[in-house]
Every structure is written in C-alpha cells, then in structure tokens.
Amino acid sequence: MSLGDSLSMGYQPQTKDQPRAGYNGAVLKAVRATNRNTDIRTFGCSGETSTTFLKGGRCDYGEGSQMARAEAFMKGRTNVRTITLSLGGNDVVPCARSGSVDAECIQKATTTLTTNLAEIVRRLRAAAPNAQIVVLDNYDVFLGEWVKGAAGQETAKQSLIFSHLLTGVVSFAAFEGRADVAKVSTYFHTDSWRPRKSASFGTLPRNVSLICDWTYYCSQGDIHPTDEGYARMATAVVAEL
C-alpha cells in the first residue's frame, strides 16, 4: 500500500500522476520477488500535507481523509505486507517559495509535521501490526537554488539545516510506529559538496548537481523527480525491505 503526497503518486510535470510508476513500480517488483502474488494499492494525493492527510480537504475520500481511507482498507485484512509513506514536503515547501528560506515558517511547519507524522505512523502500525512500514525521508530540493547566483547559493547552504531537521522528524515518527526509514537524502548525497558535472548546468557541488539532474527544479522550477530521481527513491525503499 502506497500512501502520501505527489511523490507517492509518481507525479511529473509532463505526465501528472502516475500511481503505478514513480518509485511504486520498482518497489512492487522487489516485493514480488519474494511474494509474487502481491499487488499494490495507491491512495496518495498530490498536494497532501500531514494535516490534510489526517483531516481531509485536499482529495476526495469517501471516508473523509487519506488516513481514514487507509484504515478502512486495512480493517479486517491480514495480507497487507508493506506500507510506504511519503509525506512532509508540502508542509515545508511554502516556506521557501520566494527563493529564500523562512526560518520561522520552517519551525512552525516542522512542529506540526512532527506531531502529525508520529500520529500517522502510530495509527498505521495499529491498523497493520504485522506489516512493514517504510517512511521516506526527503531530498533537499532547495539545493537547486544554487544555480541562481550568490543569493541562491546562500539559500542552498541554509536549506541543509532544515533538511536535517526534517530527516530527524521522519526518524522520530518511524521510531514511534516501529517503522523503517528509506534514506532518500543519503541516496541524493545531500551532504556532499564535492564537484560533479551535471547534465545541463556544468560542474556544481555534487548535492546540487544531483538535484538538477534528478528533479525538475533547476530546469523548470518543479520539485518533482525525473525518472532517474524516482529510481533512486525506489532504491532507498528497496534497501529497507
């Protein structure tokens, strides 16, 4: 079962939602390697925040929210093997829409996310006590601000502080619900400033270059991954299975 925001729906700016693509397709293939009759259910919602996940208001669920939809699906079932959850990006992205990071906004957003994400994972664990739950942490898309010049480079450096904060939020929630963490930030080399040549922007710090190559942020201002970016996310999830 795949839950979360647009990343869980395989969203890309050209094709929009692709719920069986993104990282879901590769994760399903990995699960089928040991459980070949496994299928996938995708209940994600593009634009979902941790608050709307719990309370609804973003996408139309008969049960009222994505949380309630997931709980209703799992009620009475014993065959839910794996649950993936990608959530939190939409809580914090508005804090940097102007090209600079609003520290006060980030602090408020992460406080809310800490509470909500822990509740979500605890409830998933209660609904599926024997399933493996894998919570994805986040790549730092605002590293892509680096290509905009000196001010953007300062924003990129500052963004790492909040990226680490969000990684801690995900780890806390996972601990609360006996879940595993897919370390997407590690696979995107978030902390590596070594030089690397990007496909379109020349030589950049490695972490910036990968954001430019594996998301649409540097080229289109869109935070979502390319096919390669989703493949790297899938690798992070599969590593925890």
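Bear in mind these aren't lab numbers, they're just calculated from the coordinates by the rules spelled out. Owing to the predicted nature of the structure, the values given are computational and were not obtained by experimental measurement. Cβ atoms come from the backbone with ideal geometry, glycine included; neighbour counts cover every protein chain shown.
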Restricting to Cα pairs below 8 Å that are 6+ residues apart, what does the relative contact order work out to for the chain? Please round to a whole percent. 18 percent
With Kirkwood's inverse mean 1/r over C-alpha pairs for Rh, give me the Rg to Rh ratio of segment 102-241, two decimals please. 1.01
Quickly work out the Glu176-to-Ala151 label distance, labels modelled 7 Å from Cα along the C-beta direction, and quote it in nm with one decimal. 3.7 nm
Could you give the nm distance between label points at Asp227 and Ser100, where each point is 7 Å from its Cα heading toward the beta carbon? 4.0 nm
Value of Rg/Rh across segment 1-159 [Cα atoms, Kirkwood radius]: 1.01
From the phi angles alone, apply the Karplus equation (6.51, -1.76, 1.60; θ = phi - 60°) to segment 128-135 and give each ³J(HN,Hα) in whole Hz, x where the residue is Gly or Pro. 9, x, 9, 7, 8, 10, 10, 9
5 Å is the cut-off here: which amide hydrogens, built 1.01 Å from N in the peptide plane, fall below it relative to Gln132, excluding neighbours closer than 5 in sequence? Thr82, Ile83
Arg32 and Asp191 label points (each 7 Å along its Cα→Cβ direction) are spaced in nm at 3.7 nm
Note down the magnitude of the dipole of the chain about its Cα centre, charges +1 on Lys and Arg C-beta and -1 on Asp and Glu C-beta and zero elsewhere, to the nearest 20 debye. 660 debye
Pairs on different chains or at least eight residues apart, Cα atoms closer than 22 Å: how many lysine pairs in segment 46-175 fit? 4
Relative intensity, log₁₀ I(q)/I(0), of segment 12-68 from a Debye sum that treats every alpha carbon as a point, q = 0.21 Å⁻¹: -0.87
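Would you compute, from DSSP H runs of 4+ residues alone, the mean residue ellipticity of the chain at 222 nm, taking -39500 (n - 2.57) per run and dividing by the full residue count, rounded to the nearest 500?
Dividing the helical sum by the residues of the chain leaves -13500 deg cm²/dmol.
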Length gained when the stretch Asp60-Ala21 is fully extended (0.36 nm per residue, less Cα-Cα span): 11.9 nm
Residues with amide H under 5 Å from that of Arg196, placed H, sequence gap 5 or more: Leu204, Arg206
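Kindly work out what percent of the DSSP beta bridges joining two residues of the chain are antiparallel, to the nearest 5.
Taking every DSSP beta bridge with both residues in the chain, the antiparallel ones total about 30 percent.
What does the convex hull of the alpha-carbon atoms of segment 168-241 project to on average, in nm²?
5.4 nm²
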Enter the per residue convex hull volume of segment 41-129, computed from alpha-carbon coordinates, in Å³ rounded to the nearest integer. 95 Å³
Over the Cα atoms of segment 42-82 the radius of gyration and the largest Cα-Cα distance (Dmax), both in Å, equal 10.6, 30
Can you tell me the alpha carbon radius of gyration of segment 88-151 divided by the globular rule-of-thumb value 2.2 N^0.38 Å? 1.45
On C-alpha positions alone, give me the angle between the axis of helix 103-127 and the longest principal axis of the chain, in degrees, nearest 10. 20 degrees
If you build the Cα gyration tensor of segment 1-95 and take the root of 5 times each eigenvalue, what three semi-axes come out, in whole angstrom, biggest first? 22, 18, 10
